[in-house]
1. If the only charges are +1 at each Lys and Arg Cβ and -1 at each Asp and Glu Cβ, what is the size of the charge dipole of the stretch 263-346 around the Cα centre, to the nearest 20 debye?
2. With +1 assigned to the C-beta of every Lys and Arg and -1 to the C-beta of every Asp and Glu, and no other charges, what is the dipole magnitude of the stretch 185-352 about the Cα centre in debye, to the nearest 20?
3. By what distance, in whole Å, do the Cα atoms of the stretch 156-283 stretch along each of the three principal axes, largest value first?
4. Mind checking which of Leu111, Ala313, Leu215 is farthest towards the positive end of the chain's charge dipole, using Cβ charges of +1 (Lys, Arg) and -1 (Asp, Glu) about the Cα centre?
5. Highest mean first, how do 293-300, 108-115, 273-280 rank when packing is the count of other Cβ atoms within 10 Å averaged over residues?
6. Show that you can apply the helix-only estimate: for the chain, add -39,500 (n - 2.57) for every DSSP H stretch of four or more residues, divide by all residues, and state [θ] at 222 nm to the nearest 500.
7. Evaluate the charge dipole of the chain about its Cα centre and quote only its size in Debye, nearest 20, assuming +1 on the Cβ of each Lys and Arg and -1 on the Cβ of each Asp and Glu.
8. In whole percent, what relative contact order does the chain give with Cα contacts below 8 Å and a gap of six or more residues?
Amino acid sequence: MTSIKAVFVRGGTSKGLVFHERDLPLEQAEWDPVFLRAMGSPDPYGRQLDGMGGGVSSLSKVCVVRPSPRRDADVDYTFAQVQIGHAAVNYSGNCGNMASAVGPFAVDEGLVEAPSDGTAVVRMHNLNTGKTIRSAFAVRAGRSVREGSYRLQGVAGTGSPVRLDFLDPGGTVNGRLLPVGEAMTRITVGGVPMHVSMVDSANPVVFVRAAELGLRAVETPDELEAGAEVLLRLEEVRRTASVLMGIAADAVAAAKNPTTPFVAVVGPSAAFRTLGGDRTEEGDVDLSVRFLSNGQPHRALPLTGALCTAVAAQVTGSVVHESARHAGGDMIRLGSPSGPIEVAASVSGSLDTAEGMRVDHATAFRTTRRLFSGYVEL
C-alpha cells in the first residue's frame, strides 16, 4: 500500500487527516504504521517535516469514519492521537475539535443524507469513548457550508458554526463522572502536597490549582514551556491521576500514554493578553485555564477539555468550582491563551444522592474547513 485516499481538515483549533475506514487495512492493529508514516512520526527533531503533522499534538491527529450500524447514530468514528517524537498512536480519548469535522465530512462524502439547503444533523458515535455527539451545521446544495460570520478564538477569519452536543458525556473511562468518587483529592508529588480534581466528561482531566504551582493560569504557552520544573511536576500529577482514575495500571504504563488524562491549571479570572495581542479583561472571563497534553501547553483549549471544565465548574468542592465566577446558568467563559471561549454543560443530581451526579449534555461551537482531498503517499 503506497497511497491512501484521505481528506486533510481543520477541525476547530486542530488539524488532521480523515479517512474512510473502508480505505484502511481491515485490522485496526495495522493502522498505526499508516498513521505514523502519513503524519511524519517518529521525528526526533519534533517537526514532522516528512509528513502531514505540524510538530505539536493539536496538529497530529487522525479520524477514521464509517457508516454506523447503530439505530442511535449515523456514523461511527475513531480518533487517533499520533505521537511526534516516538512511534506510538493513542486511541484512549477523543478530540472535540476534530469531532467538528466529522459531521461535514460524512455529509460531503455521501455517508449521510442531508437536506439540499438548511441544517444538517449528524449523530456521531465515538468508538474511543462509547459516547454519542450530535453535530448540527448549515448545508447548501447538499454540502456543508464553510463561509460564515462565526469567529472562533485561535483561528484567523470567520466561518460557519458547527454546534456540537455531547450527549451523556460523563464517565468515558470507568462510567463515573468523578472516577475517584470525590470532588477534590489531596495527592503528594515530589514530597509536596497538592489539591486536584479528577473529572471525566467528554475526556478525563486532572485539574490543578494554579496557585499551588506559583502560577496564575494566564501564562502564555512559551512561559509555561520555559518552566521546566513546573512541567515536570505537572507530568507527575498526570501520571498519578492516570493511575488513580483507572486509566493506567501503574506509573510506568501512565508514562507510555502521555495524552490521557489532560492536565488543566486553573485560577480565578484575570486580565491577560492573547497570543494575537488583544487584551482580555478580568470581567470578560469566568475562569482562567491553561491545558497541557503530551507534555505540551496548548495554544488554544482542547474542546473536550473545555467541556469537562464546564462540567467541573458545577461540581461543588472541586478546584474548578472554587476558582470560577458563577454567574448562573449553564454557560461559562474560559480564558484561554487565544482568548475567551464559551462552553455550556447541563449537570443534574448530587454527590450526596445514590444516583450521584449526571451530565445530561455539554455544548460548544466550532468551525471547520476542508483543506485538501486526495491521497496520502506512504
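What follows draws every value from the coordinates through simple rules; no lab data is involved. Everything numeric in this text was worked out from a predicted model, so none of it was measured. Don't worry about glycine lacking a Cβ; one is built from the backbone with ideal geometry, like all the others, and counts go over all protein chains shown.
1. Once rounded to the nearest 20, the dipole reads 260 debye.
2. Once rounded to the nearest 20, the dipole reads 220 debye.
3. Principal extents (Cα only, largest first): 43, 38, 27 Å.
4. Leu111
5. 293-300, 108-115, 273-280
6. -5000 deg cm²/dmol
7. I would put it at about 540 debye.
8. Values: 953 pairs, mean separation 67.9, N = 378.
For the chain, the relative contact order is 18 percent.
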